[in-house]
1. Within region 98-106, can one find any residue that is modelled with pLDDT of 95 or more and surrounded by 22 or more Cβ atoms within 10 Å (Cβ to Cβ)?
2. On the basis of being surrounded by fewer than 16 Cβ atoms within 10 Å (Cβ to Cβ), among the small types (Gly, Ala, Ser) and either touching a Phe, Trp or Tyr at 6+ places or on another chain (Cβ under 6 Å) or not in a helix (DSSP H, G or I) (or both), does GLY56 make the cut?
3. Name the single residue, out of those in region 228-258 being of a type in the set (Lys, Arg) and over 19 Å from VAL218 (Cβ atoms), that is modelled with the lowest pLDDT.
4. Hey, can you tell me all the residues within region 103-139 that are basic (Lys, Arg), touching a residue at least 12 places away in the same chain (Cβ under 8 Å) and more than 15 Å from HIS83 (Cα to Cα)?
5. Is it fair to say GLY85 is small (Gly, Ala, Ser) and within 28 Å of PHE139 (Cβ to Cβ)?
6. Within the bounds of region 14-34, is there any residue that is under 20 Å from ALA187 (Cβ atoms) and hydrophobic (A, V, I, L, M, F, W, C)?
Amino acid sequence: MKCDMHVHSYFSGPCTTPILGRICRESYSDPGEVYSVLRRRGMNLFTLTDHDSIEGSDQFRAHPDFFLSEELTCRMPSGTEVHIGVYDFHERQHVQLLQRRNDLVSLLMYLTERRLFFSINHVFSSVTGRRELEDFEWFREYFPAIETHNSHMLEQANTHAADLAKKWRKIAIGGSDAHALTSVGTAYTEVPGARTKEDFFTGLRNGMGVVAGESGSVVKLTRDVLLIVADMMRENRWTAVLAPLAILIPAFTLWNYRSENAFQRRWAAQVLGSDQSKARPGWITVPQTAVEEWT
């Protein structure tokens, strides 16, 4: 079975880029169209990982090939932000996840207690801002999975993520991180021999998963950004006055990838080139009861 474990839709909310968030969304992809494209590209299981939202999943919850997921925007103890993929949970658990996303210890304890599968996404990317070495210590000690193949990350960043997963003996997953339909299903996770969703996750947990697909490039990112901007102008016609600025998009995406390359090289040198022998972070709160899910 194959599944794109990182894909966005219209319900991922406003763009996180300063100023643009007032007029542009992260994605304009209709969930139904995302589902259709994934099916055409050979996916057997389907999910959406919208930012801090499960709203786009309403129409699919009765589908046997669907499971509920989201990409949580979380605050680390160091003050940095990260994206954590959480998979195959119940609707009532979504509220609990949102309540804990700015308290990493509470979130990790909840995920572990409920035996929910989760990953750290685009670990060698600056998409959520700065990193601290302390963040990687948390990833190593408490995260079961690392996204090792993202079709919008540079090939070298994906390679470093795969090396990190191997070094730390983490589960490797892959997904497109598609914000436009053209990229949907261009990276995925496969579990050979799986016939059901339960088989798929059992296989992942047992290290049987295989990641595959494309890596990112300046051309690919430029194309998707242009498509998102075109959708923005269709939804908010007054933004068409900004059309002449589209000529700057290739320069922006080129600068972005140069910045990403410097970021991944810096952190790969620090994390993959060291034994991470510092003191391990410990729990600082006590577990909450399962009754909270129903409160």
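The values are calculated or read from the model by the stated rules, or taken from the named source; none is laboratory data. Here the structure is a predicted model, which is why all the values come from computation and not from measurement. Glycine gets a Cβ as well: all are built from the backbone with ideal geometry, and neighbour counts include every protein chain shown. Surface accessibility is based on the protein's heavy atoms, side chains included, excluding ligands, DNA and RNA. Shrake-Rupley method; radii C 1.70, N 1.55, O 1.52, S 1.80 Å.
1. No: zero hits.
2. On the way: surrounded by fewer than 16 Cβ atoms within 10 Å (Cβ to Cβ): no; among the small types (Gly, Ala, Ser): yes; either touching a Phe, Trp or Tyr at 6+ places or on another chain (Cβ under 6 Å) or not in a helix (DSSP H, G or I) (or both): yes.
No: the conditions fail for GLY56.
3. By that ranking, first place goes to ARG237.
4. The answer is ARG114, and nothing else.
5. Taking the combined requirement at face value, the residue satisfies it.
6. yes
Table: residues versus (1) touching a helix residue (DSSP H, G or I) at 6+ places or on another chain (Cβ under 9 Å); (2) on the phi > 0 side of the Ramachandran plot; (3) part of a helix (DSSP H, G or I); (4) open to solvent by 20 Å² or more (accessible area, probe 1.4 Å).
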| position | (1), (2), (3), (4) |
| --- | --- |
| SER126 | yes, no, no, yes |
| ALA165 | no, no, yes, no |
| THR189 | yes, no, no, no |
| ASP199 | no, no, yes, yes |
| VAL219 | yes, no, yes, yes |
| VAL225 | yes, no, yes, yes |
| THR239 | yes, no, yes, no |
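A quick yes/no check of all residues on (1) among the small types (Gly, Ala, Ser); (2) surrounded by 20 or more Cβ atoms within 10 Å (Cβ to Cβ):
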{"residue": "LYS2", "(1), (2)": "no, yes"}
{"residue": "SER9", "(1), (2)": "yes, yes"}
{"residue": "PRO14", "(1), (2)": "no, no"}
{"residue": "LEU20", "(1), (2)": "no, no"}
{"residue": "ARG25", "(1), (2)": "no, yes"}
{"residue": "ASN44", "(1), (2)": "no, no"}
{"residue": "PHE60", "(1), (2)": "no, no"}
